[in-house]
Structure formats: C-alpha cells, structure tokens
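Okay, structure first, notes after.
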Amino acid sequence: MSFPPSATPRSDVRRVLCVHAHPDDIDFGAAGTVARWVDEGLEVAYLLVTRGDAGGFDDTPREQMPKLREAEQFAAAAAVGVTTVEFLDGYADGTLTPSLQLRRDITAAIRRYRPDRVLTNSPLRRWDHLAGPGHPDHLAVGEATTCAVYPDSRNPFTFPELLREQGLQPWTVREIRHAGAPDPDHVVDITEQYPRKLEALLAHVTQVSHRDEFDASIRARLADTARAAGLPEGRLAEAFTVVSAE
Ligand SMILES: [Zn+2]
C-alpha cells in the first residue's frame, strides 16, 4: 500500500492541541517539534486520555502509578515550555477503543481549546513496526481524535448536549498531524531542540530510568529519520503525516 504525500503545513496556526493515550507518547514522538512550535510562539496544550496506569517496570505500588505518571507528564511538558496539561478521567491504560464516549470527551476538549492544529497518534497500523505506534491504545486515540476533528467538533448536531449543557460552540480544526503513521513524510529538524526533548523524556522516570544508553538510542533513531529525509549528516528529526482537515 502506498500513501499520498502529506498536505502542506499551514502557516497560520496559532493554537495546537496534542491528544495522546499515555504520558510519554508526546515526548517520544513529538517533543522536539512541540519545542519548536513553542519557540515560534504557538500556544500548545496537551490532552492525555489515560494516566498510564499500566506502565512502569519495577515494584512501585500500582495505585501510585497514575499520580507518578501525571506528575512526570507535567514535568516533561514544562521542559518544552508547555504548561496546559489535561487528563481525561474514566479511561484505563490498555483498554481504549474509539468509542462514542471518547469521541465526545475529545470533542469537548477541542471545543474548549479551539486549536487550529491537532497532533495525535495515527489511526493506521504500521506493518513494518508493530511495537510502539501499534499499541491498541494509540490506534484507538488516533481514530477517536480524527473522528472528533471531522465531523464531531465542527457539527453542532453531534453531541448536542455539549452545546446545550456546557455552551461549547462548534469548532473547525484545520490540520491534523499524525505521529507514528506508516511512511511519514513531513520531517521536522529538531537538532536545536533535542536537549529539551531529552529532558522531557527523562522526566518520565518510571518509564525510562532502567534503559541503558537511553540518550544514544533516542539520538540514533532521530538521526536515522533525518538521514532518510536527506538532511545533512548530524541532524536529528521527527517525522509526521500532515492531513488537511478543511
Ligand atoms: Zn503510549
């Protein structure tokens, strides 16, 4: 299967909402790009569907995990200049589906933040690389968020209780960035932002503190992405798929 090329990224974006399944998803896939957006003056907010309660690798009491991971995500966001971080309630790590409930909760967030661009996981599975992007929670959030962008958040007759009970007016998001999609072709040079991305990743202590040579392994992956896109040797990059949502 082949994919059409990404849309040209919009140049008039002011606000971005990043919607992901677990604490650390944004930081592995996109923290360098988020840091660039913040540098360029964009407002960026995070919406996490779960608190990552199935994560971790040691004997930390399970009931402590949601609080720990919530705090880690706030610290990671601060490392790239993001201060608005919201978590949905009622969703358990490992159980997500692109349900109407999830679409409604994400629609409510889109109507509150009114972003021009939404960054989320890809709803498409990669057959060359099952782990990571292919986590069922990632695919579910990618699908639910894409449905929330079109048509849910822009249609006043979808989830009418949001308008009736909370006064949340319809809102049209104009661009989606998918992370973890098959054949991503929009490449962002994050060489200058890499120290902040690494700081964000290291804030997820429960997830990364056991990994040897973490910096080198992350750097190698970003260098591969840059090289494959034809950037000069020594550059680091993150890659996405850009979809016009107009
Ligand atoms: Zn994840």
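The values are calculated or read from the model by the stated rules, or taken from the named source; none is laboratory data. These numbers were taken from a predicted model, which means no experiment stands behind them. Backbone-built Cβ (ideal geometry, glycine too); neighbour counts: all protein chains shown. The area values use the complete protein model at the heavy-atom level, side chains included, leaving out ligands, DNA and RNA. Shrake-Rupley method; radii C 1.70, N 1.55, O 1.52, S 1.80 Å.
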In the set ARG103, ARG111, the lone residue that is in contact (Cβ under 8 Å) with a residue 12 or more places away in the chain and open to solvent by 50 Å² or more (accessible area, probe 1.4 Å) is ARG103
Considering only strands (runs of 3 or more DSSP E) wholly within the range 1-106, the ones with at least 3 residues that are under 19 Å from ARG177 (Cβ atoms) and within 16 Å of the ligand (Cβ to nearest atom) are 15-20, 43-48
- Task: Could you tell me whether ARG227 is surrounded by fewer than 19 Cβ atoms within 10 Å (Cβ to Cβ) and not in a loop (DSSP other than H, G, I, E, B)?
- Result: yes
For the range 59-100, the count of residues that are basic (Lys, Arg) and open to solvent by less than 40 Å² (accessible area, probe 1.4 Å) equals 1
Of all helices (runs of 4 or more DSSP H) fully inside the range 129-219, the set with 2 or more residues that are at pLDDT 95 or above and either within 16 Å of the ligand (Cβ to nearest atom) or crowded, with 19+ Cβ neighbours inside 10 Å (or both) is 136-149, 194-202
